[in-house]
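Beneath this line is the structure, given in structure tokens, with notes to follow.
The values are calculated or read from the model by the stated rules, or taken from the named source; none is laboratory data. Keep in mind that what you see is a predicted model, and the values were worked out from it rather than measured. Cβ placement follows ideal geometry from the backbone for every residue including glycine, while neighbour counts extend to all protein chains displayed. The protein model used for the area step is the full one, side chains on, heavy atoms only, and it has no ligands, DNA or RNA in it. Shrake-Rupley method; radii C 1.70, N 1.55, O 1.52, S 1.80 Å.
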Amino acid sequence: MDIRGIDHIELYVGDARQAAFYFGNAVGMRLCGQGGPETGLTGQRSLLLRHAGVRLLLTSGLTADHPAAAYVRRHGDGIAVVAMEVDDAAGAYAELLARGATGGTPPTTVTSADAEVVVAEVDGFADVRHRLVERRRGGPDFLPGLAELPPVDDTAENLLAEIDHLAVCVPPGQLAETVRGYREVFGFAEIFHEYVEVDGQAMNSTVVQSRSGRVTLVLLEPDTTRRAGQIDAFLTQHAGAGVQHLGLRTDDIVEAVTALRQRGVGFARTPAAYYDDLETRVGRVDGSLDRLRELGVLVDRDHDGQLLQIFTESMHVRRTLFLELIERRGARTFGSGNIKALYEAKERELAVAGALPAVSAATGQEVTA
């Protein structure tokens, strides 16, 4: 079984056209396929959007009993399918079942005049499924039940390159089981583990990755012995495990954030004090620190290099799913050092305002403003 990478991500949404308006006008994705009852998609409306190597399939149920409608009633808009490109969908499906996966849709071959694709589905975690996609011929935008639209000009503005990772929140006590499933059933490797503690909150984080290195899941579990935090809030608002954010890699985060801001995308705010000792923490940063400060871009470092990242505000009414933009300058990890740095920066700002003494989340010692 050779999992080459992420073929596409499918979101179940209340209104596919409205969601496409956001991703198209704000994020810069282009509509390249559409389908509904008239194309053989019973009880649903689907729109496929693409930006370079990022493909999002937006699906709304047209009847109350459609799986997309049931998903949205329980979770709100969210990622329901992570589709993975494989060499042999039928072989991968059989191998996954033999390893203990729960089967969904058996391998099905769909053809058009100039394309042929084989798809199958198995359960992933909670209400998220994995679709196995084998492309025998044709372009990357051909999917069952979709009518392809005329090709778009990919050279116009490729601010985003590809899907870097998905961050998944699981309920307390389910992290080890979820990691084991991806390791033993899907053949993923466990490449990173960390216990993150800050401001009385804590969580366990484990990263699993396909052998190709092209499918990466950051699995997050809250520590219930500590104060409730953002992971707990997601699990409550989403009504269970799910994808908290989708990490999108860019080759120029300053250009990408600037463009998306101009289109109306909201980003999480970064305390100005975060940048006061930035290069002391992460080393010299190429580019303008003033520009990073202006945009709110975060910087972290691991043994392999630096990464720059920023998170959007959630575009959903439940404040669940959001996006991350990430530029990798050699770094292979996911910016966990920024959690403590952001907290300490906020503490310094409050201390300067005379609200409280600044204390390091890492050492418990007072921090000089």
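What does the highest-first list of 58-67, 305-314, 163-172, 286-295 look like by mean Cβ count within 10 Å?
The densest-packed peptide leads the list: 163-172, 305-314, 58-67, 286-295.
Give the share of C-alpha pairs in each 5 angstrom bin for the stretch 1-61, from 0 to the last occupied bin, in whole percents, shortest bins first.
In whole percents, the pair-distance histogram is 4, 19, 28, 23, 14, 8, 4, 1.
Read phi for every residue in the stretch 128-140 and hand back ³J(HN,Hα) as whole Hz from Karplus 6.51 cos²θ - 1.76 cosθ + 1.60, θ = phi - 60°, with x for Gly and Pro.
9, 10, 10, 9, 8, 10, 10, 9, 8, 7, x, x, x
Work through the residues other than residue 92 whose Cβ is under 13 Å from its Cβ and net out their charges, Lys, Arg +1 and Asp, Glu -1.
Residues close to residue 92 contribute a combined charge of -4.
In whole percent, what relative contact order does the stretch 139-294 give with Cα contacts below 8 Å and a gap of six or more residues?
26 percent
Can you find, among 158, 187, 174, the residue sitting farthest towards the positive end of the charge dipole of the chain, where Lys and Arg contribute +1 and Asp and Glu -1 at Cβ?
174
Loop only per DSSP, at most 15 neighbouring Cβ atoms within 10 Å: give me the chymotrypsin sites (Phe, Trp or Tyr not before Pro) in the stretch 54-126, ordered by residue number.
Here no loop site has a sparse enough neighbourhood.
Per the 1.4 Å probe, what fraction of the accessible area of the stretch 1-101, in percent, lies on carbon and sulfur atoms?
Exposed carbon and sulfur together represent 51 percent of the surface.
From the phi of every residue in the stretch 188-203, what ³J(HN,Hα) in whole Hz does the Karplus formula 6.51 cos²θ - 1.76 cosθ + 1.60 yield, where θ is phi - 60° and glycine or proline is x?
Residue by residue, the stretch 188-203 yields 6, 9, 8, 9, 6, 9, 8, 9, 9, 10, 7, 6, x, 9, 7, 8 Hz.
Compute the separation of the alpha-carbon centres of the stretch 68-108 and the stretch 122-141 and state it in Å as a whole number.
That distance is 6 Å.
Over the chain, give the accessible area per residue in Å² for a 1.4 Å probe, as an integer.
44 Å²
Return the calculated 222 nm mean residue ellipticity for the chain, to the nearest 500 deg cm²/dmol, obtained by summing -39500 (n - 2.57) across DSSP H runs with n ≥ 4 and dividing by the residue count.
-6500 deg cm²/dmol
Return a whole-number percent for the relative contact order of the chain, with Cα pairs under 8 Å and 6 or more residues apart as the contact set.
In percent, rounded to a whole number, it is 14.
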